[in-house]
Amino acid sequence: MNDSISDTFAVERLIQGFTAPALPQDRPDQAAIDVADRNARHWTSIIAGPLKPGSDEHRREICRMFRETFNPYRPSVLEWPNLEPEALERIVSLPIWDIAVQTEGRARLRMAAYAATVNEPDVREALALNAWEESRHKEVLTRMVAAYGIPLASEAPYVYPRDAEWAYLVTGYSECIDSFFAFGLFEVARRSGLFPPELVDTFEPVMQEECRHILLFANWVAWHRARLSWWQRIRFELKVAGVWAFLGWERMTLARTLDAEGNEHKHDNNFTVNGAQAVSSVEVSVRELMTLCLTESERRFSGYDHRLLRPGTMPKLVRFALRFMRADNTN
């Protein structure tokens, strides 16, 4: 127990030790926010030629991408719009807030825990920044639920992972799955008009930041994999296969969590897949949602250097599934 407590404090020091670029003023003007937002969505390496996974150039550029696309303002500087009673009820009734806050809390801890094991300073800093941004997401969600009076279960203490690499892989691949579907679901919500445009705009930078996170993860996996010896590679691939099996099982069950008082709560792990009807007043077919997820994923990644690898598993699976779906399929 003492070792776990000591390790948790070490993670806290790692996150706190990362110094994010300071804001030039407490309340930046809109022009500064707009410039930072554009910079967060577009990045091209100055290196000529391919960025071969496993190379020093690949490592340096993925870390530079993550550092240079960091947005100090969004989603830190947010205005929570006043909501009409009907819109507020729709927000409050979404069954996602407990698990969303807790997921960001676990991601923060797991990413920082793995960063503490990394020897390369630039990779360690990039992963620490990723953990810092996960912490910011948690704070944003916490402020939002407080602003709109959304009740949350009390959070149980987060457990330091025994296997930091496993925990990081679970978090990274889980974000690749959830973000892919969330991109489409977010666009469904925007088009539906059920939620005020101001609220959609408020969450937009959070969605783009998740895109950066999984872009970093996909390239870290490729870089890390390429540097392993053949026997280390076998072990790593078995671990990755185990992670995918775990995530598949997890998404076929309800998440069961305990709050700080020991009370059990059940949550839908698959809201990003089956939650389209909760954010739209019209029926959205599976095919429509999957097609929209592909389109939105490509759009969000389009501003980043094409030589950087994109998360590929979910897009490949969805494209394969779409070959067997009729255009008028609504099931």
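Coordinate-derived values only; no laboratory data. What you see is a predicted model; the values in this text were computed from it and never measured. Cβ: placed from backbone, ideal geometry, glycine included. Neighbour counts: every protein chain shown.
Quick look at the values:
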{"item": "The stretch 117-217: trypsin sites (Lys or Arg not before Pro) in DSSP coil with no more than 13 other Cβ atoms inside 10 Å", "result": "162"}
{"item": "Cα centroid of the stretch 168-224 to Cα centroid of the stretch 41-93, whole Å", "result": "9 Å"}
{"item": "Segment residue 42-residue 158, extension gain: residue separation times 0.36 nm, minus the distance between their alpha carbons", "result": "38.3 nm"}
